[in-house]
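**Student:** I have a structure here, written as C-alpha cells, and I will follow up with some questions on it.
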Amino acid sequence: MIKKEIEIVAYKCKKCGKLHYPFHDRCLNCRGREFDQIKPEGKAKLLTFTRIYNLPWGFNQRYLTIGIAQFENGVKAMGQIRADESYDLKLGMTLDPAWEPVRHQYGENVYGLAFYPIG
Amino acid sequence: MRDVAVIGVGMIQFGRRDEDSLMDMLAYASLHALDDAGLGDQSVDAIYVANMAAGMFQHQVSIASSLADRLSLLPAPADTIENGPASGGSAVKNGLLAVASGYYDTVLVVGGEKMREVTGWRATDVVATMTHPTTEYVYGVTLPGMAGMFTRLYMEKYGVTREMLVAVAIKNQGMGGLNPFAHVEMAITKEGIYEDHASIVNNPVVADPLHLYDACPVSDGAAALILCPLEMAKKFKQTPILIAGFGQATDTQTLQERDDPTDLKAVTIASHKALEMAKLKPSDIHVAELHDAFTILEIAESEHIGFFKKGEGGKAALAGKTRLGGQIPINLSGGLKARGHPVGATGVAQVVDIVHQLRHDLPKERQVKNAQTGLTVNFGGFGNNVLSFVLRRIEA
C-alpha cells in the first residue's frame, strides 16, 4: 500500500525560530507574525500516551490509544497509536508515522496522524 | 475598588436529577442563595449565570435571560458566562469585579449544568469539544485521556504512585459521604479499589494510568452566591465572607505546546495572584477546594499553589496531610470527585463550600476548626484557563 503524505504543517517563527503546531497568528515566544511552514520529518519519539476505554460519541470500538510524539525535526503532535492492548508501549520509543483515517464522520473518513511502534 | 463580600449561598444536591430541568436547578440554587442572604422578596442589581454547554446538552441558549424572567428579577441585567469547566469561576470573577467597581451593589452569581440528560457517550464528546478541533479532538481524545497522558508524565517525573492517587480518591469520596449536597455518597476502601483481586472489576482503567475512581462523575447540579460591597454586608443576616483575592491565567490550548507539560503554569499564576492580592502565603490558608476532576489534579494543584513542594503532594496525600486535621485540608466537600462536576456549577460550588467553612456552620466531621481563610482553584480545559479565589472570614 502506498503511504499517504502526512498533511500536517507546523510553523517556525521567522524572528526567533520557535516551532508551533497548531497555527498561531502570533509567535508564542516573541509575538512575531511571520512563519516558515515546516513539514514533520522522519520517525517520531513517543512523549506520552494513554489508552482510553470510555470513548466519545463517534467511536464504536472498545478502546483507543492516543499519544503525543515528537518528529526528528522537532514538530510535536498528537495522534492515534496503532498498538493493541497487549503491546508494551514505553515513553521514548520510536514510532513510524502515517496519514490514515482516524475517525468516520458523516459518512466520510477523516484523516489524521497514526503512529506505529517500531521499538 | 471596593471590598466585596459573599452574603448568601445556595446549592442543590448534585447527581442525576431527572426530574429537574437546567432552569429548575438554576432557580432552586438562586432562591436558596437569595433566602440565605435575606433577600427573599427583593431583586438584585445584576445576574451572572455560568454554564458551559446548555446549547449542546439541552439545545437551549440565552439561559441568563430565561433565569431573570423565571426568578422575577426583571429588569436586572443578566449575562451567561461560558468558560468551559472554569465557567463558574469566571462568573464569580465577573460578579466580583462588577461590585468592586461600584457599578452594582447586589449581584447574583449562579452556575449550573445538566449533563445527565444525554448518554455518557454524548457527554464525553461534548466535554471533549474543549480540546483543539483539528489537532486533538479529531483523534478521539477525551478529558480523561488528556489527564491520563498528564498523569503518566507526572508519575515519571515526580514519582507519583497509584497508591497516592488512591489516597486522594478514598479521602474525597469519604468526605462526599458526609456532604448532603454530594453526588457520590458511597465510601470506598483501599482494598476495594486497589489491593483486592476484585479491584480489577470494581475500578477498571478508564484512561490509563487513570482508573474509574480517579475520575469525577458526570453530574447535574447548580450553586449560587449573592455578593455585595463589604461596607453594606453588615445590613444582611449572615457573617460576611470577604473575597480577599482572585487570579486568573491562561496557557496553551494543546498539551504538546507546553515546554514542560507537567508544569501547570496557569494554576501557579492564578493562585499566586489570588494569594498576593489577599496578602497571604500558601501556609496562611486553612482550607482549600481544588479542581480534582482527576485525582492527579488535586496532587498537582496542591504543589503548584505552594502547599507542598513539587514531588511532595502525593506523599502528603498518602500521609494524611490533606485530610481534616492535617496540614492543609483539601476538598472537605468531597471535591469534584464526590460532590460531582456539573461543569458550569463547579467554580461557584467551590466558593459556596469555602463560605460554609469560614462561617463555621458545617458539622464537626467536615468543619476545619476556627477556619479564617480558604482558597479555591477552578481548572478550565486541561489547565488552559484557571481561576483561583482566596476568601477570608470577617468578624462582626
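The values are calculated or read from the model by the stated rules, or taken from the named source; none is laboratory data. Everything numeric in this text was worked out from a predicted model, so none of it was measured. With ideal geometry, Cβ positions are generated from the backbone for all residues, glycine too; neighbour counts draw on all protein chains shown. These accessible areas exclude ligands, DNA and RNA; they are computed on the full protein's heavy atoms, side chains included. Shrake-Rupley method; radii C 1.70, N 1.55, O 1.52, S 1.80 Å.
**Student:** With a 1.4 Å probe and all protein chains kept in place, how much accessible area does B:Met186 have, in Å² rounded to the nearest 10?
**Tutor:** 100
**Student:** Continuing with the same structure: Near B:Pro229, within a Cβ-to-Cβ distance under 12 Å, what is the net charge of the other residues, with Lys and Arg +1 and Asp and Glu -1? Don't skip to the answer; put the middle values down first.
**Tutor:** Values: positive: B:Arg2, B:Lys234, B:Lys235; negative: B:Asp3, B:Asp45, B:Asp105, B:Glu231.
Around B:Pro229, the charge tally is -1.
**Student:** What is the spin-label model distance, in nm, from B:Thr161 to B:Asp260 if the labels are put 7 Å beyond Cα along the C-beta direction?
**Tutor:** Taking the simple label geometry, B:Thr161 and B:Asp260 are separated by 2.4 nm.
**Student:** Also, I was wondering about something else. Given labels modelled 7 Å from the Cα in the Cβ direction, how far is it in nm from A:Lys90 to A:Arg62?
**Tutor:** Going from the A:Lys90 label point to the A:Arg62 one covers 2.6 nm.
**Student:** Okay, next question. Assuming R0 = 41 Å, can you tell me the calculated FRET efficiency for the pair A:Arg82 and B:Lys310, based on Cβ-Cβ distance, to the nearest 0.05?
**Tutor:** Details: r = 35 Å, r/R0 = 0.84.
Efficiency, from the Cβ-Cβ distance: 0.75.
**Student:** Let me ask something else. Report the residue, chosen from B:Val348, B:Val118, B:Val92, that carries the largest GNM mean-square fluctuation when chain B is represented by alpha-carbon nodes joined by springs under 10 Å.
**Tutor:** So, out of B:Val348, B:Val118, B:Val92, the one fluctuating most is B:Val118.
**Student:** Stokes-Einstein D for chain A at 10 °C, 1.306 mPa s, Kirkwood Rh over Cα pairs, in µm²/s?
**Tutor:** 102
**Student:** If you take the alpha carbon radius of gyration of chain B and divide it by 2.2 N^0.38 Å, what ratio comes out, to two decimals?
**Tutor:** Numbers: Rg = 19.4 Å, N = 396, 2.2 N^0.38 = 21.4 Å.
Ratio of Rg to 2.2 N^0.38 Å for chain B: 0.91.
**Student:** If each Cα of the stretch A:19-79 is one equal point scatterer, what is log10 of I(q)/I(0) from the Debye formula at q = 0.21, 0.23 Å⁻¹?
**Tutor:** Evaluating at q = 0.21, 0.23 Å⁻¹ gives log10 I(q)/I(0) of -0.88, -0.93.
**Student:** May I ask for the distance between the Cα centers of the stretch B:1-56 and the stretch B:100-144, given as a whole number of Å?
**Tutor:** 18
**Student:** Report ³J(HN,Hα) in whole Hz for each residue of the stretch B:305-319, in order, from the Karplus equation J = 6.51 cos²θ - 1.76 cosθ + 1.60 where θ = phi - 60°; Gly and Pro get x.
**Tutor:** After applying 6.51 cos²θ - 1.76 cosθ + 1.60, I find 5, x, 5, 9, 5, 4, x, 9, x, x, 5, 5, 4, 5, 7 Hz.
**Student:** Assuming R0 = 22 Å, what is the FRET efficiency of B:Arg122 and B:Val201, from their Cβ-Cβ distance, to the nearest 0.05? Write down the numbers at each step before the final one.
**Tutor:** Details: r = 26 Å, r/R0 = 1.17.
Rounded to the nearest 0.05, the efficiency is 0.30.
**Student:** Between B:Ala244 and residues 5 or more places away or on another chain, which pairs have amide H atoms under 5 Å apart, with H built 1.01 Å from N, and which residues are they?
**Tutor:** B:Val390, B:Leu391, B:Arg392
**Student:** So which cysteines of the protein assembly as shown have no other cysteine's Cβ under 4.7 Å from theirs?
**Tutor:** For the protein assembly as shown, the answer is B:Cys216, B:Cys228, because their Cβ atoms have no other cysteine Cβ under 4.7 Å.
**Student:** How large is the accessible surface per residue of the protein assembly as shown, computed with a 1.4 Å probe and reported in Å² as a whole number? Let's see the in-between values first.
**Tutor:** Working: 20210 Å² over 515 residues.
Each residue of the protein assembly as shown exposes 39 Å² on average to a 1.4 Å probe.
**Student:** Can you give the net charge of the other residues whose Cβ lies under 14 Å from the Cβ of B:Asp3, counting K and R as +1 and D and E as -1?
**Tutor:** Residues near B:Asp3 contribute +3 overall.
**Student:** Which lysines have a Cα less than 30 Å from the Cα of B:Lys190, not counting those fewer than 8 places away in the same chain?
**Tutor:** A:Lys90, B:Lys157, B:Lys171, B:Lys309, B:Lys310, B:Lys315, B:Lys321, B:Lys337, B:Lys364, B:Lys369
**Student:** Return the loop-located trypsin sites (Lys or Arg not before Pro) in the stretch B:312-396 (DSSP other than H, G, I, E, B) with at most 14 other Cβ atoms within 10 Å of their own Cβ; answer none if there are none.
**Tutor:** On the way: sites: B:Lys315, B:Lys321, B:Arg323, B:Lys337, B:Arg339, B:Arg359, B:Lys364, B:Arg366, B:Lys369, B:Arg392, B:Arg393; in loops: B:Lys321, B:Arg323, B:Lys364, B:Arg366, B:Lys369.
Listed in order of number, the matching sites are B:Lys364, B:Lys369.
**Student:** Here's something else I'd like to know. Using a 1.4 Å probe on the protein heavy atoms, what percent of the accessible area of the protein assembly as shown belongs to carbon and sulfur?
**Tutor:** Values: 10120 of 20210 Å².
After summing per-atom areas, the C and S share lands at 50 percent.
**Student:** Return, ordered by residue number, the residues of the stretch B:255-296 whose backbone nitrogen is under 16 Å from a label point located 7 Å along Cα→Cβ of B:Gln327.
**Tutor:** Of the residues in the stretch B:255-296, B:281-288 have backbone N under 16 Å from the label point off B:Gln327.
**Student:** Taking only Cα atoms of the protein assembly as shown, what ratio of Rg to Rh do you get with Rh as the Kirkwood inverse-distance radius? Show your work: numbers first, answer last.
**Tutor:** On the way: Rg = 22.9 Å, Rh = 23.4 Å.
We get a ratio of 0.98 for the protein assembly as shown.
**Student:** In terms of modelled amide H atoms, which long-range or inter-chain residues lie less than 5 Å from the amide H of B:Ala222?
**Tutor:** Amide H to amide H, under 5 Å and 5 or more residues apart or across chains, B:Ala222 pairs with B:Ile12.
**Student:** Between B:Val343, B:Val351, B:Val184, which gets the highest mean-square fluctuation from a Gaussian network model of chain B, Cα cutoff 10 Å?
**Tutor:** Fluctuation is largest for B:Val184.
**Student:** Please go through the stretch A:1-80 and write out the chymotrypsin sites (Phe, Trp or Tyr not before Pro) that DSSP classes as loop and that have at most 13 other C-beta atoms within 10 Å.
**Tutor:** Values: sites: A:Tyr11, A:Phe23, A:Phe35, A:Phe49, A:Tyr53, A:Trp57, A:Phe59, A:Tyr63, A:Phe71; in loops: A:Phe23, A:Tyr53, A:Trp57, A:Phe59, A:Tyr63.
Hits after loop and neighbour filter: A:Phe23.
**Student:** At a Cα cut-off below 18 Å, give the aspartates and glutamates reachable from B:Lys93, other chains included and same-chain residues fewer than 8 away excluded.
**Tutor:** Candidates past the 8-residue exclusion: B:Asp3, B:Asp45, B:Asp79, B:Glu82, B:Asp105, B:Glu276, B:Glu289, B:Asp353.
**Student:** I've got another one for you. Quick one: which residues, 5+ away or cross-chain, put their amide H under 5 Å from the amide H of B:Ile81? H built at 1.01 Å from N.
**Tutor:** When sequence neighbours closer than 5 places are left aside, the close amide H contacts are B:Val49, B:Ala50, B:Asn51.
**Student:** Under the rule of -39500 (n - 2.57) per DSSP H run of 4 or more residues, summed and divided by the residues of the protein assembly as shown, what mean residue ellipticity at 222 nm is obtained, to the nearest 500 deg cm²/dmol?
**Tutor:** -8000 deg cm²/dmol
**Student:** Which residue fluctuates the most in chain B, going by a Gaussian network model with Cα springs under 10 Å, if the choices are B:Asp220, B:Asp361, B:Asp36?
**Tutor:** B:Asp361
**Student:** Determine the shielding of peptide B:370-380 by partner chains: average, over its residues, the number of Cβ atoms on other chains within 10 angstrom of each Cβ. The partial results should precede the final answer.
**Tutor:** On the way: counts 0, 0, 0, 0, 0, 0, 0, 0, 0, 0, 0.
Across the residues of B:370-380, the mean count of other-chain Cβ atoms within 10 Å is 0.
**Student:** Residue by residue, what Karplus-based ³J(HN,Hα) values in Hz, rounded to whole numbers, does the stretch B:147-162 have, using 6.51, -1.76 and 1.60 with θ = phi - 60° and x for Gly and Pro?
**Tutor:** 5, x, 5, 5, 4, 4, 5, 5, 5, 5, 7, 10, x, 5, 10, 4
**Student:** Another question, then. Identify the residues of the stretch B:312-337 with backbone N under 19 Å of a label point that sits 7 angstrom from the Cα of B:His360 along the Cα-to-Cβ direction, or state none.
**Tutor:** Taking a point 7 Å out along Cα→Cβ of B:His360, the residues of the stretch B:312-337 whose backbone N falls under 19 Å are B:324-326, B:329.
**Student:** When a/c reaches 1.5 or more, the comparison of a/b and b/c decides; with that in mind, is the stretch B:181-302 rounded, prolate or oblate per its Cα gyration tensor? If you can, show how the numbers build up before the last one.
**Tutor:** On the way: a/c = 2.52, a/b = 1.50, b/c = 1.68.
It comes out oblate by the Cα gyration axes.
**Student:** For the stretch B:252-264, just list the computed ³J(HN,Hα) in residue order, Karplus coefficients 6.51, -1.76 and 1.60, θ = phi - 60°, integers in Hz, with x standing in for Gly and Pro.
**Tutor:** My calculation for the stretch B:252-264 gives 4, 5, 9, 4, 5, 8, 8, 3, 10, x, 7, 8, 8 Hz in order.
**Student:** OK, next. Any idea what diffusion coefficient the stretch B:1-139 gets from Stokes-Einstein, in µm²/s, Kirkwood Rh on alpha carbon pairs, 4 °C, 1.567 mPa s?
**Tutor:** Working: Rh = 15.9 Å.
The Stokes-Einstein estimate is 82 µm²/s.
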